[in-house]
1. Rounded to the nearest 5, what is the percent of antiparallel bridges among the DSSP beta bridges in the chain?
2. At a Förster distance of 22 Å, what's the computed FRET efficiency of residue 1 paired with residue 145, Cβ-Cβ distance as r, to 0.05?
3. Once you charge only the Cβ atoms, +1 for Lys and Arg and -1 for Asp and Glu, what is the size of the charge dipole of the chain about its Cα centre, to the nearest 20 debye?
4. Where a Cα-Cα gap under 28 Å defines reach, which lysines qualify for residue 147, not counting those fewer than 8 residues away within the same chain?
5. At a 1.4 Å probe, what is the % contribution of carbon and sulfur to the accessible area of the chain?
6. May I ask you to give the solvent-accessible area per residue for region 40-113, in square angstrom, as obtained with a 1.4 angstrom probe?
7. With θ set to phi - 60°, apply the Karplus curve 6.51 cos²θ - 1.76 cosθ + 1.60 along region 231-246 and write out the HN-Hα couplings as whole Hz, x wherever there is a Gly or Pro.
8. Excluding ligands, DNA and RNA, what is the solvent-accessible area per residue of region 187-269 at a probe of 1.4 Å, expressed in Å²?
Amino acid sequence: MRLQRKRWLIRAFRKRRELKTVIDRTSQIRPGDILLFSTQRNEKIRLPYFLNYYREMGINHFLIVDNDSNDGSVDYLADQPDVSLWHTKGSYKRSRFGVDWLNWLQRKYGHGHWTLVVDPDEFFVYPFCDTRPIRALTDWLDASSIKSFSAMLLDMYPKGRIDEQPYRAGQDPVEIATWFDSGNYTISKNHRFGNLWIQGGPRARVFFPDMPQKAPALNKIPLVKWDRRYAYVSSTHMLLPRGLNLVYDEWGGEKASGVLLHTKFLDTFTVKAAEELSRKQHYAASVEYKAYAETLKDNPDLWCKWSEKYINWRQLEILGLMSKGNWA
């Protein structure tokens, strides 16, 4: 595992050549700042709300890689005073789906900082997030000597056709994608890396009903007290060293955890799915996007009679999708 981690770090070092600086404001970063890292392509319509959501949460600086957008998002991000931006025409697939790029940026700028890695359609929810900023969470994690914090990816969707209500820039996407599956999840242990593997929800129920084992993984570890020796292995599903993946209690208790509200399924998704299918830059020959395209052309509705309407983090805790552990 130690040798493999070194290989990932060397790979990230080599991939740094693919990143061209658009605007570098990293001199603004101060000790103790909480940093957000993300990769994006053609997400301009989502960026205003995304940035404001995390600013209000307490993120101090955004470090973003743009993968050759053509929708104006580069200019938009470059104008934001708390964003440092890199551009690349490199292959998303051959960068291990952006992991190599972000591993390099986290190694260079994230050492000693709490770092949050999310996509523009993911919104981090944690215990007491309605009354406490993210620094309250990281301070508690520091005091508890906890270096990583997990969050289950929770797919959100509207009631009815996903293309029925148009999304507008600056809007909270959860106003449209308000529903989620409260059950229908399977959990297994990845013995090699020590992390939990979670699958299910609407993507298993609708897109992979006959092959649920091929449904996307929903387990993530997005919040880490970063060290330059660390490396993400596969998206934010797991890290090395292995100890960072032990974000659950094996002895019957509950460790604190969060949720990432995943707002992929808006009216913008059909065009996005078609683009990503043609680019073939996603995992396993874009099998996920093939399933999206084939299913949505006939029935673009993910809602079912067991769907639950989102209220707040306390609801998610009651349903067992997240936990406040011993953080009171």
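The values are calculated or read from the model by the stated rules, or taken from the named source; none is laboratory data. Not measured: the values here are computed from a predicted model. Every residue, glycine among them, receives a Cβ derived from its backbone with ideal geometry; neighbour counts consider all protein chains shown. Surface areas here come from the heavy atoms of the whole protein model, side chains and all, with no ligands, DNA or RNA. Shrake-Rupley method; radii C 1.70, N 1.55, O 1.52, S 1.80 Å.
1. Working: 28 of 47 bridges.
Here the share of antiparallel DSSP bridges comes out near 60 percent.
2. Details: r = 22 Å, r/R0 = 0.98.
Between residue 1 and residue 145 the formula returns 0.55.
3. Working: 49 positive and 38 negative charges, 367 e Å.
The calculation lands at about 1760 debye.
4. 6, 15, 108, 189, 220, 225, 255, 324
5. Working: 7480 of 14920 Å².
That fraction is 50 percent.
6. Values: 2690 Å² over 74 residues.
That works out to 36 Å² per residue.
7. 7, 6, 9, 9, 6, 9, 5, 7, 10, 10, x, 4, x, 5, 7, 7
8. Numbers: 3360 Å² over 83 residues.
Value returned for region 187-269: 41 Å² of accessible area per residue.
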